[in-house]
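Please read the structure below before turning to the comments.
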Amino acid sequence: MTEQVLPDELQTHPLNIADIISYLRQNGWQAVRHPNSRLLVFQGAADDGGNLIQLVLPSQNTFEDSSRLLAKAVNLLAAIEEKSPQEIIDLVTQTHASSTAGT
């Protein structure tokens, strides 16, 4: 079974949605319009069946299901990039650190 991060684990590794968005954009993901303003949808490369992969984020960390959506996003990225969820968390936080270093 593939290693996964659980929503509760993100309490000890808090992720900023803006940092995840920055990471996604740097890795070729495109924002997709969605009718629900509480959700941010991104589209990546195609899966093995030729379907474009979509990743869903909450628009705010304060929503009740934010941790669950963030955990799903981290787990999806880990599976796609063949990395552990912790490696994805580290990459996202490194992306944030490098983007703020130049300011």
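FYI, it's all coordinate maths here, none of it is from the lab. Just so you know, these numbers come straight off a predicted model, no measurement behind them. Methodologically, a virtual Cβ is constructed for each residue, glycine included, from the backbone with ideal geometry; neighbour enumeration extends over all protein chains shown.
Any chance you could run the full-extension gain for Q43 through S84? It's 0.36 nm times the residue separation minus the Cα-Cα distance, nm to one decimal.
Working it through step by step, the gained length comes to 12.7 nm.
What is the percent of Cα-Cα separations in the stretch 14-96 that go past 16 Å? Each step should come with its number before you reach the end.
Numbers: 1676 of 3403 pairs.
Summing the P(r) tail past 16 Å for the stretch 14-96 gives 49 percent.
Please list, in order along the stretch 30-47, the HN-Hα scalar couplings obtained from phi with the Karplus expression 6.51 cos²θ - 1.76 cosθ + 1.60 (θ = phi - 60°), rounded to whole Hz, x for Gly and Pro.
Each residue's phi maps through the Karplus curve to give 10, 5, 10, 5, 9, x, 8, 5, 7, 10, 10, 10, 10, 10, x, 5, 7, 7 Hz.
Run through the stretch 28-68 and list the trypsin sites (Lys or Arg not before Pro) located in a DSSP loop whose Cβ has at most 11 other Cβ atoms within 10 Å.
R33
Using modelled backbone amide H atoms (1.01 Å from N, in-plane), which distant-in-sequence or interchain residues come within less than 5 Å of L39's amide H?
Amide H neighbours of L39, under 5 Å, 5+ apart: S59.
Using the Cβ atoms and a cut-off under 12 Å, what net charge is assigned to the surroundings of V74, where Lys and Arg are +1 and Asp and Glu are -1?
Net of charged neighbours comes to -3.
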